[in-house]
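J.: My questions all concern the structure below.
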Amino acid sequence: MNRRAFLKIALIASGAAIGGYFGPQLLDVANTSVQSLSNDIQFGASSFTTDDWKIPHLLRRAGFGASPAELASFEALGVNGAASQLLNYEQIDNSNLPDQPNITMEFARKPSARETVNLVWWWIDRMVNTQRPLEEKMTLFWHNHFATAIYKVRSPYLMFKQNQLVRSKGMGNFRDLLMGITEDPAMLIWLDGALNRKIAPNENYGREVMEVFTIGVGNYTEDDVKAAARSFTGYQIDRLGNSFFNAKQHDNGVKTFLGQTGNFGPQDIVEILAAHPATAKSIARKLFAYFAYDNPSDDTVNRIANVYSTTGGNIKAVVEAVLDSDEFWSSQAYLSQVKSPVIYLTTALRSLGATVNPKAAVGTLNNMGQLPFDPPSVFG
Amino acid sequence: MLDRYNFPLLVKNPDNATIAFEDSVDTATRTLFPEGLPANVLAVIQQSTDNLTDPTEKVRNLIRLTISTPYYNLN
């Protein structure tokens, strides 16, 4: 949704909210005001005579907004210093946050509503209170990219483990992240990798790893899907919820995958996909859209993809290139996104320092259509 | 949509929030949109909260109205 379309909806929605509470006499005022805004406002850097918009813009995109005190501390660093602090978060102490949610820390495929709420709230609370906002923003990005839903996994524990995986590897090397996801127990359940045996290959993960996670549609054939599925055979999950590779269930035959032939296993396929130029472009395009704006030019995508390729898939380098780009600091990027429900909620809580009833807030997120750990499909 | 705009009513401890009822509308709304809202939007919020005497209700409704604006909704 673009800004103009959004403004029309916001006009109706905010008018309804205001009118519903304060009466029709103010509805006219509000409608007139918002209507005039949609005509007059100069959304964009060009409308600002100073750089006052830059730090709020950075903190909204690379974080979850900021309280006045936090905003002041970032403004004191200047734009480059603020971006650097967001990017280089490894040394920032985050020990005030709970390490784990209040869920049963063992593998049982019996999710309770209480545990699901506790799991979701644990993550929302991290977004609101973390001292490393970009870490959680990247965790949210990869949760959407490797969309896995609790309704099929049916284990809050495994969903938590996957969340920890993408948090720990989310700014590292894409190959390592993809390998971790390939072996991740929640993913093995979600895309049926744990059912993928040499006598009956299951193509679900082999297809999605190319269609959604890496090179994208148009860059592979059905034969490549079959070869990938055979190469991924052998993963299973033990009674403790750990994945392991059962060599007896792995297809050791020769496969031809994306023009290369060999006795490929999971790591080979991951290596080939992570190094593929189409993966560089798809990850660059998606990260750019996440932080800056939709539909970047081919030149922009190629420039960011080149960072991916020349660094061997270093995600942090790609994110840094996006945040350092002229496009990120342009009027085209400024306020060009509509807040998702999760961002809408967490930004308000972080800015205000307010507390809410977790169960009610999680219910509100569900009503708004974005419940973490429960994406609607593999497309996030 | 109404569920969405009812969200601030779930705030348990508005007194602990960074917005206080003594703040001017401009100062208070900058907590949620640091660049500052245009004068005509501030006027709507001012008019909509002036007559509320209960400080908690005043803060709640100021938050509610601010996050209903396109400025807060856009990222």
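Quick note: the coordinates plus some simple rules give every number you see, no bench work behind them. Keep in mind the model is a prediction, meaning the values are calculated, not measured. Glycine gets a Cβ as well: all are built from the backbone with ideal geometry, and neighbour counts include every protein chain shown.
J.: Take the protein assembly as shown, drop everything but the C-alpha atoms, weight them equally and run the Debye formula without solvent; then report log10 I(q)/I(0) at 0.10, 0.13 Å⁻¹ to two decimals.
T.: Debye intensities relative to I(0), on a log10 scale: -0.77, -1.19.
J.: Can I ask one more? Would you list, by chain and number, the lysines whose Cα falls below 19 Å from the Cα of B:K58, excluding same-chain residues fewer than 8 positions away?
T.: Hits, sequence-local ones excluded: B:K12.
J.: Within straight cross-link reach of A:K281, meaning Cα distance under 22 Å, which lysines are found once same-chain residues fewer than 8 apart are removed?
T.: The qualifying lysines are A:K137, A:K169, A:K316.
J.: Here's a follow-up. Under 5 Å between amide H atoms, partner at least 5 residues away or on a different chain: which partners does A:V338 have, H built in plane at 1.01 Å?
T.: HN-HN under 5 Å from A:V338: B:N75.
J.: How many Cβ atoms of partner chains, on average, are near each residue of B:42-49 if near means within 10 Å of its Cβ?
T.: On the way: counts 1, 2, 10, 3, 0, 5, 7, 1.
Going residue by residue through B:42-49 and averaging, the value is 4.
J.: I'd like the distance between the alpha-carbon centres of region A:240-296 and region A:301-371, rounded to an integer number of Å.
T.: Answer, in whole Å: 25.
J.: Give me the Å³ per residue figure for the convex hull around the C-alpha atoms of region A:303-380.
T.: On the way: hull volume 11.6 nm³, N = 78.
It comes to 149 Å³ per residue, whole-number rounded.
J.: Explain nothing, just the number: relative contact order of chain A, from Cα pairs under 8 Å at least 6 residues apart, as a whole percent.
T.: Details: 516 pairs, mean separation 78.6, N = 380.
Normalised by residue count, the contact order of chain A is 21 percent.
J.: Moving to a separate point now. First check a/c for region B:17-69, with a ≥ b ≥ c the square roots of the eigenvalues of its C-alpha gyration tensor; if it is under 1.5, answer rounded, and if not, answer prolate when a/b is larger than b/c or oblate otherwise. Can you show the working numbers first?
T.: Working: a/c = 1.71, a/b = 1.27, b/c = 1.35.
Oblate, since a/c reaches 1.5 and b/c is not below a/b.
J.: I've got another one for you. By count of other Cβ within 10 Å, fewest leading, how are A:R175, A:R230 ordered? Don't skip to the answer; put the middle values down first.
T.: Details: A:R175 18, A:R230 23.
Final ranking by Cβ density, sparse to dense: A:R175, A:R230.
J.: Take the cross-link list A:K110/A:K286; A:K339/A:K359; A:K110/A:K359; A:K110/A:K248 and give me the ones stretching past 27 Å between alpha-carbons. Could you put the intermediate results ahead of the total?
T.: Numbers: A:K110/A:K286 34 Å; A:K339/A:K359 21 Å; A:K110/A:K359 19 Å; A:K110/A:K248 30 Å.
Beyond 27 Å: A:K110/A:K286; A:K110/A:K248.
J.: Would you list A:M127, A:M368 from fewest to most Cβ contacts within 10 Å? Could the numbers behind the result be given before it?
T.: Working: A:M127 23, A:M368 17.
So the ranking, lowest neighbour count to highest, is A:M368, A:M127.
J.: Another question, if that's okay. Mind sorting A:I103, B:I45 by how few other Cβ atoms lie within 10 Å of their own Cβ, fewest first?
T.: Details: A:I103 20, B:I45 24.
The order, fewest Cβ neighbours first, is A:I103, B:I45.
J.: A follow-up question, please. Amide H neighbours of A:N173 under 5 Å, counting only residues 5+ apart in sequence or on other chains, H built in-plane at 1.01 Å?
T.: Here the answer is A:I315, since their amide H atoms fall under 5 Å of that of A:N173.
J.: While we're here: Give me a comma-separated list of calculated 3J(HN,Hα) values for region A:267-272, in order, Karplus coefficients 6.51, -1.76, 1.60 applied at θ = phi - 60°, integers in Hz, x for any Gly or Pro.
T.: 5, 5, 5, 4, 4, 5
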